[in-house]
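Undergrad: First the structure, then my questions, so here it is.
The values are calculated or read from the model by the stated rules, or taken from the named source; none is laboratory data. Bear in mind that the values here come from a model prediction, so they are computed numbers and not experimental data. Using ideal geometry, Cβ is built from the backbone for each residue, glycine included, and neighbour counts are taken over all protein chains shown. The accessibility values were calculated without ligands, DNA or RNA, using every heavy atom of the protein model including side chains. Shrake-Rupley method; radii C 1.70, N 1.55, O 1.52, S 1.80 Å.
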Amino acid sequence: LRPASDSRQQEDPLGNGEGLALASDPGSALNFLAMVENLQGDSGRGYYLEMLIGTPPQALNILVDTGSSNFAVAGVPDPDVTSYFNAELSSTYKSQGIDVTVKYSQGSWTGVLGTDVITIPKGIYGTYTINIATILESENFFLPGVKWHGILGLAYNALAKPSSSVETFFDSLVRQAEIPNVFSLQMCGAGLPVSGSGTNGGSLVLGGIEPSLYKGDIWYTPIKEEWYYQVEILKLEVGGQNLELDCREYNADKAIVDSGTTLLRLPQKVFAAVVQAIARTSLVQEFSSGFWSGSQLACWDKTERPWSLFPKLSIYLRDENSSRSFRISILPQLYIQPILRIGENLQCYRFGISSSTNALVIGATVMEGFYVIFDRAQKRVGFAVSPCAEVDGSPVSEIEGPFPTADIASNCVSSITFHEPVLWIASYTLMSLCGLILLVLIILLLIPPRCQHRYTDNDVVNDESSLVRHRWK
């Protein structure tokens, strides 16, 4: 395999001279063709992989999530899951006796860390020992109708709970199977009903890239920091028109690629600008605000294709060559999503974009248009057009470039990135400091008046400058 001349399609994603076979190698643990269409699911409830856990093996469906780092499965019966991992029935399970709690943007769970062996019927060949959390309690995590029984966190160990010392699933595979530190993901749900039959296809390729899963060139953008798959977004366009926002708005406080998030989530200021631009450029005269907020559906006659009424949405990412960018574009078939059929005549749709308070999240709404390469070895994320991103025989995603970045700031990402543990430490420090100040103030209030300093007219503290007043305002 030869090195590529630029940052587009690269046939040696590791760039280390050893090469990474793009075609399947039946003589090794890597047989990429065996991993094609090893996922099922949809953008509404996630894409999942069948996995065999323990001895004798117990078959479970595991949600593929690039936005977290723990591998966890239901460990007790739950009304919303059809199966669970019974650790007592596995002769190879070993409990570590460590409690772990993980919170997501929606839902949370608490369980116990342990280890056991896993195999993936349509994945990498072999059996491997993996850290696994058995979920004993959860809240809004397993939801009605989901067909998965656990979660496969594929992000970096910085996000692993209870600490980054917990080796992640993929790190364990790389170490034990000696595969390249790369995986790639295709989710095939474009134009299909959200939360439908759950039989949409998809592929998780562990250890490399399968050529049949993409068309054209692969475009790479650097990973800014190894916790989430954090990338740098330079600008957004709606219908070819730049939103004209400061590029730092798109990365507030981070921009990540997350298969476990169903929608394209945008910081509030960016979301408002996108909604305004879509409403202005669409051919729909009036739209209820409830449609944009996600509380209402929009319905058309089933013979109509409302997608022609809406504009294309483009996201510009910084290229590996920082003086260039490329754009990934999704047509409305990806963000105006069929979700419900009413009677025989009406098809209803939801808005596949929502607002976020803490991140721009490239979720399934966008990822269903692309084959996404998570090249951890080269610290970059690649995008290529996915052949399954078609509706009525026409592509619904595009990649174009390169474009110059002379008119964009050299760095659109804040130089200070607070990881969750740092935020906790800072919070506790501030709480302790505030408590200490409050204690001093209470003591001063309790000191007899004769011992207190007597203020002169020049040093009276009035209400407007009172610390106590402003603390409790």
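Undergrad: Condition check: among the hydrophobic types (A, V, I, L, M, F, W, C) and without any contact (Cβ under 8 Å) to a residue 60 or more places away in the chain. Does V174 satisfy that?
TA: yes
Undergrad: Across region 167-179, which residue is surrounded by the most Cβ atoms within 10 Å (Cβ to Cβ) among those that are under 13 Å from T129 (Cα atoms) and more than 20 Å from the chain's Cα centre (by Cα)?
TA: Looking at residues that are under 13 Å from T129 (Cα atoms) and more than 20 Å from the chain's Cα centre (by Cα), I get L173.
Undergrad: Taking helices (runs of 4 or more DSSP H) that do not extend beyond region 257-344, which have at least 3 residues that are in the same structural domain as S108 (by the TED database), in contact with a helix residue (DSSP H, G or I) (Cβ under 8 Å, 6 or more places away or on another chain) and at pLDDT 95 or above?
TA: Those helices (runs of 4 or more DSSP H) do not exist here; none qualify.
Undergrad: Which of (1) touching a Phe, Trp or Tyr at 6+ places or on another chain (Cβ under 7 Å); (2) part of a loop (DSSP other than H, G, I, E, B); (3) open to solvent by 10 Å² or more (accessible area, probe 1.4 Å) is the odd one out, the single condition G208 does not satisfy?
TA: Status for G208: all satisfied but (3).
Undergrad: Looking only at strands (runs of 3 or more DSSP E) that lie completely in region 363-450, which have at least 1 residues being modelled with pLDDT under 95?
TA: Answer list for region 363-450: 397-404.
Undergrad: Going through region 289-314 one residue at a time, which ones are under 25 Å from the mean Cα position of the chain (by Cα) and charged (D, E, K, R)?
TA: K312 - this is the single residue of region 289-314 that is under 25 Å from the mean Cα position of the chain (by Cα) and charged (D, E, K, R).
Undergrad: Suppose we filter region 320-340 for residues that are crowded, with 20+ Cβ neighbours inside 10 Å, over 20 Å from the mean Cα position of the chain (by Cα) and within 19 Å of V413 (Cα to Cα); how many remain?
TA: 2
Undergrad: Just name the residue that is farthest from Y104 (Cα to Cα) out of those in region 129-164 that are crowded, with 20+ Cβ neighbours inside 10 Å and free of Cβ contacts under 8 Å to residues at least 60 places away in the same chain.
TA: I130
Undergrad: Evaluate region 132-139: report whether one residue or more is in a strand (DSSP E or B) and in contact with a helix residue (DSSP H, G or I) (Cβ under 7 Å, 6 or more places away or on another chain).
TA: Checked region 132-139: at least one residue is in a strand (DSSP E or B) and in contact with a helix residue (DSSP H, G or I) (Cβ under 7 Å, 6 or more places away or on another chain).
Undergrad: Also, I was wondering about something else. Could you grab me the full set of residues in region 69-119 that are in contact (Cβ under 8 Å) with a residue 40 or more places away in the chain, in a loop (DSSP other than H, G, I, E, B) and surrounded by fewer than 19 Cβ atoms within 10 Å (Cβ to Cβ)?
TA: V76, D78, D80, T82, S83, Y104, S105
Undergrad: Return only the number of the condition from (1) assigned to a loop (DSSP other than H, G, I, E, B); (2) under 22 Å from Q40 (Cα atoms) that I62 does not satisfy.
TA: Here I62 meets the rest and fails (1).
Undergrad: What is the one condition in (1) at pLDDT 95 or above; (2) surrounded by fewer than 20 Cβ atoms within 10 Å (Cβ to Cβ); (3) touching a Ser or Thr at 6+ places or on another chain (Cβ under 8 Å) that G126 does not satisfy?
TA: All conditions pass for G126, except number (1).
Undergrad: Every residue in region 228-255 that is closer than 28 Å to N157 by Cβ and open to solvent by less than 10 Å² (accessible area, probe 1.4 Å), please.
TA: Across region 228-255, the qualifying residues are Y229, Q230, V231, E232, I233, Y250, N251, A255.
Undergrad: Any residue in region 46-64 that is farther than 20 Å from C188 by Cβ sitting within a Cβ distance under 7 Å of a residue that is charged (D, E, K, R) and open to solvent by 10 Å² or more (accessible area, probe 1.4 Å)? List the pairs, counting only those 6 or more apart or interchain.
TA: Once the first residue is farther than 20 Å from C188 by Cβ and sits in region 46-64, its partners that are charged (D, E, K, R) and open to solvent by 10 Å² or more (accessible area, probe 1.4 Å) give A59/E50.
Undergrad: When residues of region 47-64 are filtered for being within 27 Å of V366 (Cα to Cα) and open to solvent by 10 Å² or more (accessible area, probe 1.4 Å), how many remain?
TA: 4
Undergrad: Could you please find all residues in region 103-162 being in contact with a Phe, Trp or Tyr (Cβ under 9 Å, 6 or more places away or on another chain) and of a type in the set (K, R)?
TA: Within region 103-162, K103, K147 qualify.
Undergrad: Taking the condition surrounded by fewer than 16 Cβ atoms within 10 Å (Cβ to Cβ), part of a loop (DSSP other than H, G, I, E, B) and not basic (K, R), does L192 pass?
TA: no
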